[in-house]
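Report on one structure; see the data block that follows.
The values are calculated or read from the model by the stated rules, or taken from the named source; none is laboratory data. Just so it is clear, the structure is predicted and the values come from calculations on it, not from any experiment. Note that we place each Cβ from the backbone using ideal geometry, even for glycine, and neighbour counts take in every protein chain shown.
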DNA sequence: GTGAAAGCGCTAACAG
DNA sequence: CTGTTAGCGCTTTCAC
């Protein structure tokens, strides 16, 4: 790898001059500039980012911590982030936390050791003690937080929407699948759905489930033995919804005639189900993009209008609800 | 952030000594060692990886380039890689290439500028000119390549398996969905399936499709207008398979009675379909893990037994094929 | 056993 | 307009 010295020698100038023309800082005579450019070309010189980072105490790296890239909701977000950052010349250094505080801490530490300039993280860490001493900008993604910038979608609206739609579509005995209560966003939509339903005369059941494929299976098995007559499901995410849908179909129930189900997220495979899953869409990609945008702004010391950016959510009606006209 | 100087001062020793005890290199009196450890603890000292990287000309970063993390096949692999690397103390710096040479090049360059010690990449770049001048170890993932270490699964076996199974299950008019021919792995399984079928008297159709959700839709619409009597589908991946399955169901075809379909990959949502998708499984997570393991070995200058690691593939029978006993 | 000092590749004063 | 130099935080000879 050619260094700046090589370029300087090749161009017959000093390293300072090379640095100047490369960074467009300070003056440089047109001729020297050209000579430098030529040398850079010739030697295929690429500045060593590590050296830069060491001196400037800031890199072109941003850290991303997600619970689990294997959960189909996150890749979409990650892609949004990556696309935006890539355009801005930043690179992503990435880790899966499994919602585990220790791993989060570990990643955060090593990211910091690598001079990341910013952090995007999806976490439930409630006492944000981790972030309080943080010297770099951070933005929370898909999670609510206190004083930190955050981007998430309107959980209340989502929960309400799901409940109202099932109501409007004539469900009489609704089962709400509640996700892990530690995940604030998931809990909020649950609360919101409940609050809509409790003022009505429909029967309401609550069942818990994890967000994973495995957890969903367990829940799906359980729901129909516990509530065989339930005719409406509000699931905490699409995986759970899809699993319940499958189970219902396997039992010979007609969907949406006998039972309606609404998912959450609008993960891409939901459109591939048969019947395709009706669900509450979170604009995951845009959320990722926005988080990246906000982070860059903070890195550039630009003022933020709002600390929290909340995206509206929308109902995607497909085949698991009884469309009304 | 505390630096090594701060620690040295706190412990009343020189930076050299601190460095020695931290790295376990060279001697250190038990007492000084303890003093240093105490100072490290007290100051919460974490070595600056950037400075280390600059001096040693190698970091704890490995680059990962994948076509698109949004494609459900890749997160599984990525997770395998990340889990392994994380345990070994390495961090991942990541980019989506969209199979685009220019982006690959760009990522590779910036990764190199950041002193990555290794590279894992899923690419079709045929003339591996990019890699020839590479000074760091690299391993190809899910892609065949020449002289470079690579891990992938047995495409020939996969294609053959799919064809044989449809044959054994009595399909008479099989449509093979061929993915992009530029993707060597995908093309190979296609070839293999064809070669099994051409020696038989079943009718065979070929149809092209992209690997994406969008491309799959287009193909799924097309297949039944072109070949309304096809009774067996060998798809190039699970997304295409699931989309065709859905389309078939929507047309009132019975699955697997009227038409059987076999996917490829065994992506997680396939188990959620109804009927659940029969498919050829690639051990994505393990492939990721293995790629990481090989990379680490190369980084540590250990000798590799084999350049290419090929994983066997297996048929996961679910509801879209007619099980025989 | 331990410290002084050089140097990894770069940028930013500061002189000239 | 351009060059010299110090120094970012660390590791590693090389003396002592």
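Looking only at segment A:56-71, decide whether some residue is surrounded by fewer than 22 Cβ atoms within 10 Å (Cβ to Cβ), in a helix (DSSP H, G or I) and at pLDDT 95 or above.
Looking for residues that are surrounded by fewer than 22 Cβ atoms within 10 Å (Cβ to Cβ), in a helix (DSSP H, G or I) and at pLDDT 95 or above, one finds at least one in segment A:56-71, hence yes.
Go through segment B:77-91 residue by residue and tally those that are in contact with a strand residue (DSSP E or B) (Cβ under 8 Å, 6 or more places away or on another chain) and more than 8 Å from every other protein chain (Cβ to nearest Cβ).
Matching residues across segment B:77-91 total 4.
Any idea how many residues of segment B:19-47 are under 43 Å from the mean Cα position of the chain (by Cα), more than 7 Å from DNA strand D (Cβ to nearest atom) and free of Cβ contacts under 8 Å to residues at least 24 places away in the same chain?
Residues in segment B:19-47 being under 43 Å from the mean Cα position of the chain (by Cα), more than 7 Å from DNA strand D (Cβ to nearest atom) and free of Cβ contacts under 8 Å to residues at least 24 places away in the same chain: 4 in total.
With the structure loaded, tell me whether residue A:321 is within 12 Å of another protein chain (Cβ to nearest Cβ), modelled with pLDDT of 95 or more and buried (at least 22 other Cβ atoms within 10 Å of the Cβ) or whether it fails that test.
Criteria not met by residue A:321.
If you go through segment A:104-161, how many residues are at positive phi and either free of Cβ contacts under 8 Å to residues at least 40 places away in the same chain or not in a loop (DSSP other than H, G, I, E, B) (or both)?
0
Restricting attention to segment B:241-257, does a residue exist that is under 22 Å from the mean Cα position of the chain (by Cα) and within 26 Å of residue B:77 (Cα to Cα)?
The answer is yes; a qualifying residue exists.
If residue B:17 meets every condition in (1) within 14 Å of chain A (Cβ to nearest Cβ); (2) buried (at least 18 other Cβ atoms within 10 Å of the Cβ); (3) near DNA strand C (Cβ under 7 Å from one of its atoms) apart from one, which number is that one?
(1)
Here is a list of conditions, (1) in contact with a helix residue (DSSP H, G or I) (Cβ under 7 Å, 6 or more places away or on another chain); (2) within 30 Å of residue B:133 (Cα to Cα); (3) facing chain B (nearest Cβ under 10 Å), and residue A:35 meets all of them except one; can you say which number that is?
With respect to (1) in contact with a helix residue (DSSP H, G or I) (Cβ under 7 Å, 6 or more places away or on another chain); (2) within 30 Å of residue B:133 (Cα to Cα); (3) facing chain B (nearest Cβ under 10 Å), residue A:35 is out only on (3).
To keep it simple, each residue is scored yes or no on (1) more than 7 Å from DNA strand C (Cβ to nearest atom); (2) at pLDDT 95 or above; (3) not assigned by TED's automatic domain parsing to the domain that holds residue A:91.
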| site | (1), (2), (3) |
| --- | --- |
| A:8 | yes, yes, yes |
| A:13 | yes, yes, yes |
| A:21 | yes, yes, yes |
| A:25 | no, no, yes |
| A:29 | yes, no, yes |
| A:38 | yes, yes, yes |
| A:41 | yes, yes, yes |
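Residues A:74, A:111, A:94: which one is touching a strand residue (DSSP E or B) at 6+ places or on another chain (Cβ under 9 Å), more than 29 Å from residue A:214 (Cβ to Cβ) and either away from DNA strand C (no atom under 16 Å from the Cβ) or assigned by TED's automatic domain parsing to the domain that holds residue A:256 (or both)?
On the way: A:74 fails: more than 29 Å from residue A:214 (Cβ to Cβ); A:94 fails: more than 29 Å from residue A:214 (Cβ to Cβ).
Testing whether each residue is touching a strand residue (DSSP E or B) at 6+ places or on another chain (Cβ under 9 Å), more than 29 Å from residue A:214 (Cβ to Cβ) and either away from DNA strand C (no atom under 16 Å from the Cβ) or assigned by TED's automatic domain parsing to the domain that holds residue A:256 (or both) leaves just A:111.
In this structure, is residue A:184 in the same structural domain as residue A:222 (by TED's automatic domain parsing), closer than 30 Å to residue A:228 by Cβ and surrounded by fewer than 21 Cβ atoms within 10 Å (Cβ to Cβ)?
no
Return a yes/no flag: does segment B:147-158 have any residue that is in contact with a strand residue (DSSP E or B) (Cβ under 9 Å, 6 or more places away or on another chain), at pLDDT below 95, within 30 Å of residue B:232 (Cβ to Cβ) and away from every other protein chain (no Cβ under 11 Å).
Among the residues of segment B:147-158, not one is in contact with a strand residue (DSSP E or B) (Cβ under 9 Å, 6 or more places away or on another chain), at pLDDT below 95, within 30 Å of residue B:232 (Cβ to Cβ) and away from every other protein chain (no Cβ under 11 Å), which makes the answer no.
Does segment B:43-55 hold any residues that are in a helix (DSSP H, G or I) and either more than 14 Å from every other protein chain (Cβ to nearest Cβ) or more than 13 Å from DNA strand C (Cβ to nearest atom) (or both), and which are they? Outline the logic, then answer.
Pass one, segment B:43-55, residues in a helix (DSSP H, G or I): B:43, B:49-55.
Answer for segment B:43-55, where residues must be in a helix (DSSP H, G or I) and either more than 14 Å from every other protein chain (Cβ to nearest Cβ) or more than 13 Å from DNA strand C (Cβ to nearest atom) (or both): just B:43.
Looking at (1) more than 16 Å from DNA strand C (Cβ to nearest atom); (2) surrounded by 15 or more Cβ atoms within 10 Å (Cβ to Cβ); (3) not in a helix (DSSP H, G or I), can you tell me which one residue B:83 breaks?
(3)
Checking residue A:288 against (1) assigned to a loop (DSSP other than H, G, I, E, B); (2) farther than 20 Å from residue A:171 by Cβ; (3) not assigned by TED's automatic domain parsing to the domain that holds residue A:168, which single condition isn't satisfied?
Checking residue A:288 against (1) assigned to a loop (DSSP other than H, G, I, E, B); (2) farther than 20 Å from residue A:171 by Cβ; (3) not assigned by TED's automatic domain parsing to the domain that holds residue A:168, the one that fails is (1).
Just checking: which of the helices (runs of 4 or more DSSP H) contained wholly in segment B:166-273 hold 1 or more residues that are touching a residue at least 60 places away in the same chain (Cβ under 8 Å) and more than 14 Å from chain A (Cβ to nearest Cβ)? Quick ask: steps written out before the conclusion?
Details: elements: B:184-197, B:213-226, B:238-250.
Per the criteria, B:184-197.
Which of the residues that make up segment B:250-269 are buried (at least 18 other Cβ atoms within 10 Å of the Cβ) and farther than 10 Å from residue B:321 by Cα?
Correct list: B:263, B:264, B:265, B:266, B:267, B:268, B:269.
Here are the criteria: (1) over 17 Å from the mean Cα position of the chain (by Cα); (2) farther than 30 Å from residue B:98 by Cα. Tell me which single one residue A:100 does not satisfy.
(1)
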